[in-house]
């Protein structure tokens, strides 16, 4: 009975000095380097490592102030198992405090390495998405600054806490092209309107007749759709030729993702709003 109790106590003690770890993608050299570094830097031992087979390593540790012969049983055995796991067993004169410190530091180093790998993987994914978006835009005959794409992806991750999916990337490219074309159209219209304004003074009378047919007042909140020739030049309600503001019209959705809205005009004189067809 006493022998069984002793064996049970011995097994419990041995279990406390042994641990099974998931090492992910670590190799033998990395694991050995981490343990040696803890023994030498944190616990102030000297070490000597030895490979005992393709999957078995041993690290002997020594206190230089103590007779070496009395420390021949001081060793840490590393057994590499399947599915990226290792079994680490401690023998010798490490006390409970030192063993606890060794396990803690070893686990911390494994996690730090894993975190570094995650960061590198995320960085790689981010670079691939930026390259994909830029490439798709260029394939369609447009240009874009890498810095702008990078900023967009960073803002996307900050908002949604993930990277864009494959189908979302195509929507992003489509949205970018729509915006570019709208900007080009607006710039062209600005130049054309300056020239047209000089030649369209005689059209005021026909515009006034159109206004009478519309029969609108400043109290009418309806957004009117009118022909393109009146865009941003003359208010169809009061005839104002001056301050016409272009605004986002959230009642018109051009693209669901990313969200792109249409535009409308607003007269600064009477507050009337209308869209260009």
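A short reminder: the numbers here are calculations on the coordinates, not readings from a lab. Note that this is a predicted model, so its numbers are computed, not measured. Note: ideal-geometry Cβ built from the backbone for every residue, glycine included; neighbour counts use all protein chains shown.
What shape does segment 129-170 take by its C-alpha gyration tensor, where a ≥ b ≥ c are the square roots of the eigenvalues and a/c under 1.5 counts as rounded, a/b above b/c as prolate, and the rest as oblate? Verdict is oblate for segment 129-170. Between residue 182 and residue 79, full extension at 0.36 nm per residue minus the direct alpha carbon distance yields a gain of 30.6 nm. Exposure proxy for 235, 270: other Cβ atoms within 10 Å of each Cβ, ordered fewest to most, give 270, 235. Per-residue Cβ neighbour counts within 10 Å put 77, 47, 143 in the sequence 143, 77, 47, beginning with the fewest. Spacing of the modelled spin labels on residue 139 and residue 67, each 7 Å from Cα toward Cβ, amounts to 7.6 nm. Each of 273, 107 was scored by other Cβ atoms within 10 Å of its Cβ. Arranged with the fewest first, they read 107, 273.
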